1. Please find the FRET efficiency linking T18 to K62, where r is the Cβ-Cβ separation and R0 is fixed at 30 Å, and quote it to the nearest 0.05.
2. Treat each spin label as a single point 7 Å out from the Cα along the C-beta direction, and report the N51 to N7 distance in nm.
3. Arrange the peptides 35-46, 52-63 so that the one whose residues have, on average, the most other Cβ atoms within 10 Å appears first.
Amino acid sequence: MNKPPKNTLVGAIEAGGTKFVCAVGTCPQDLSRTKFPSGNNPGQVLSAVTNWLCEQQRLRGKLQAVGIGSFGPVDFDRDSPTLKEDIGNFIVPSLLGDDAGLCGAMALAQQSIA
């Protein structure tokens, strides 16, 4: 598997039961991070995550991919349209992983553009 170009800006989302942890960066030493409580309003949480990613993109540059690690089952079909999602005002390749955590989500994002 090829590695993405150095300094490739990617995002990561760890979608957990009590919180969503989000990060944007080019490597582990270059991460902007935040978290949002999951609460009982999924639409509100997803809107907050999307707004944060859009703001990071405005501040840091275009995201090349977003990896999403989920605590539950996700769609693993590589031909699925869910592997490329419209997130806010930008479209990026996305890979979903089961129990990936934030580091796994970052790796999934990098893998999607390698």
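We did not get these values from a lab; they are worked out from the coordinates using the rules stated. Since this is a predicted model, take the numbers as computed values, not measurements. Using ideal geometry, Cβ is built from the backbone for each residue, glycine included, and neighbour counts are taken over all protein chains shown.
1. 0.45
2. Distance between label points: 3.2 nm.
3. 52-63, 35-46
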